[in-house]
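Heads up, the thing below is written out as structure tokens.
The values are calculated or read from the model by the stated rules, or taken from the named source; none is laboratory data. Note that the structure is a prediction, hence the values are computed from the model and not measured. Please note: Cβ atoms are built from the backbone with ideal geometry, for glycine as well, and neighbour counts cover all protein chains shown. Surface areas here come from the heavy atoms of the whole protein model, side chains and all, with no ligands, DNA or RNA. Shrake-Rupley method; radii C 1.70, N 1.55, O 1.52, S 1.80 Å.
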Amino acid sequence: MTTPLAAIARALTATTAVLGLLLTAGCSSSEPPVPTAGATGVPPATAAPSAGLDGYYSQKLTWSPCNEADECADLRVPLDYDKPDPSTDLTLKVLRVPAKDQQGRIGSLVVNPGGPGASAMDYASAADAIVGTQVRRYYDVVGFDPRGVGRSAPLECLSDRQLDAYMGADQTPDNPAEEKELLAQAQTLADGCEAKNPTLLPHLSTADSAKDMDVLRAALGDSQLNYLGKSYGTFLGSTYAGLFPKRVGRFVLDGVVPPDLTNAELSEGQARGFELATRTYVADCVSQGDCPLGSSVDEGMAWIRSFLAEVDRNPIPTGDPNVPQMNESWASWGLGQAMYDQSSWGALTDALREAKAGNGAGLMAFANAYAGRERNGTYSSNIMQVLPAVNCLDRPDSPDLSTYETYAKEFTKVAPTWGATLAWGGLACGIWPAKEGSGPHTISAEGSGPIVVVGTTRDPATIYEWSKRLKDQLSNAVLLSYDGDGHTAYRRSNDCVDSAIDAYYVQGRVPKDGLTC
């Protein structure tokens, strides 16, 4: 089943977009901007990588109004870059929020909030919240829904009720029968994706989307790509940098997923990250007084594990007609969602207090946010289907159930609360019907411009060491660290982080390597 990486997109496109309006805007230099690649008057966009792609690289975007201040356009890309065929082309949806100062405009800033499966169109539409005021002033903020996502040839595999069953499958199977049931739910998803999307499914890898992003760069008229990628968006960005290092403009990768992570490493790292974040949450709860979890961190963590075990045996009512009972899986999704931003911790405490009394409605609301699920039981996003479709192409895993039994034992040693849940998260990738072939690999992007890598010390979903890992692999990168909680740093941490990144985008001033905020 899927891992909490899926909730990254929900936290960033929903929570951050709202909370960003309440956060202090990043400080920026008052000096005039230094034009970068993509500004008015730069050389023509770089050529297509091969002659067969000339028609895609030469296309012009036709913008039309959408929403209140946004503009939208269609981008045509080949389904298969090795065998481009106009009869199978995909149409990707693109949204642009024009720079406020068109006279001083630097260029386009392409953004991606993560997932995989999040809508970058929705993310870009929240431009005033997701970038600093000076960046907003001088850049067109552009987001495209990657292939298979949202409005761009969307992947649809299961009905809403089938998704409920998939999400509610027991993530910590206790016996062979429960293991087989979990495998059956993963197989139902895989079969549904293959049956409904046989042509698209093999072409949803991160490399495919990175190539799409270069077509977008050309269509925007930029000779280099300026980029903000968060969470999975860092994997997309580093993949782009590896494929097109000379076309890297001003790049920020915040909350890193290194491209060389195996499925097991991804799950084990997240287990440790969520364990640390949960301990930090419990410490905060205890410090507030009247914490329903207990009077110490260890006591609180034991309470959470006991609660999850209890709802595994005896689910509690949710008030949701389609998911009337909260089991361990739904409770875990809800708990994990609240770890993405510490501003959710107070509401989580209230939800756990209610759950302790036998009412799972509050925790179910967090689980719905994680899954992109509305209160009426419909799914407003296809992120839960896209996530395995992309991840399993990028990181295949074993079909052998004993592999995950071993993962569970090993991960639980370092993450008693989250280890087993995350260990079984890659099961779908063991039986996924589509194969991409490249697998995890390091990327150096030799010859690129400077890339700013950002890591948060207590990030639950993309642990800090991953940011250091990618920085060390890239041939031209600096590391900016935020000593804090929650997922990602830019525009949700402090002025130190925001001002450094704003100055990089607007002035071209690369942060000092090792800067800690």
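General observations
- Members of segment 43-98 found to be under 19 Å from residue 224 (Cα atoms), open to solvent by 60 Å² or more (accessible area, probe 1.4 Å) and not hydroxyl-bearing (Ser, Thr, Tyr), listed by number: 43, 44, 47, 49, 54, 60
- Pick from segment 444-484, criterion charged (D, E, K, R) and part of a helix (DSSP H, G or I), ranking: farthest from the chain's Cα centre (by Cα): 472
- Test for residue 285: is it open to solvent by less than 10 Å² (accessible area, probe 1.4 Å) and in the same structural domain as residue 416 (by the TED database): yes
- Of the helices (runs of 4 or more DSSP H) entirely within segment 369-443, those holding at least 2 residues that are open to solvent by 10 Å² or more (accessible area, probe 1.4 Å), within 25 Å of residue 334 (Cα to Cα) and aromatic (Phe, Trp, Tyr) occupy 401-414.
- Search result, residues across segment 466-492 that are surrounded by fewer than 24 Cβ atoms within 10 Å (Cβ to Cβ), out of contact with any strand residue (DSSP E or B) (no Cβ under 8 Å at 6 or more places or on another chain) and closer than 29 Å to residue 282 by Cα: 469
- Screening residue 205 on (1) of a type in the set (S, T, N, Q); (2) in the same structural domain as residue 494 (by the TED database); (3) more than 23 Å from the chain's Cα centre (by Cα) shows it passes everything except condition (3).
- For residue 500, the test of being open to solvent by less than 10 Å² (accessible area, probe 1.4 Å) and not in a strand (DSSP E or B) is failed.
Per-residue answers, yes or no, for (1) surrounded by 24 or more Cβ atoms within 10 Å (Cβ to Cβ); (2) over 20 Å from residue 340 (Cβ atoms); (3) not acidic (Asp, Glu):
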position: 111; (1), (2), (3): yes, no, yes
position: 116; (1), (2), (3): yes, no, yes
position: 128; (1), (2), (3): no, yes, no
position: 132; (1), (2), (3): no, yes, yes
position: 148; (1), (2), (3): yes, yes, yes
position: 151; (1), (2), (3): no, yes, yes
position: 156; (1), (2), (3): no, yes, no
position: 165; (1), (2), (3): no, yes, yes
position: 171; (1), (2), (3): yes, no, yes
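- In the set (1) open to solvent by 40 Å² or more (accessible area, probe 1.4 Å); (2) modelled with pLDDT under 95; (3) farther than 16 Å from residue 129 by Cα, the condition left unmet by residue 8 is number (1).
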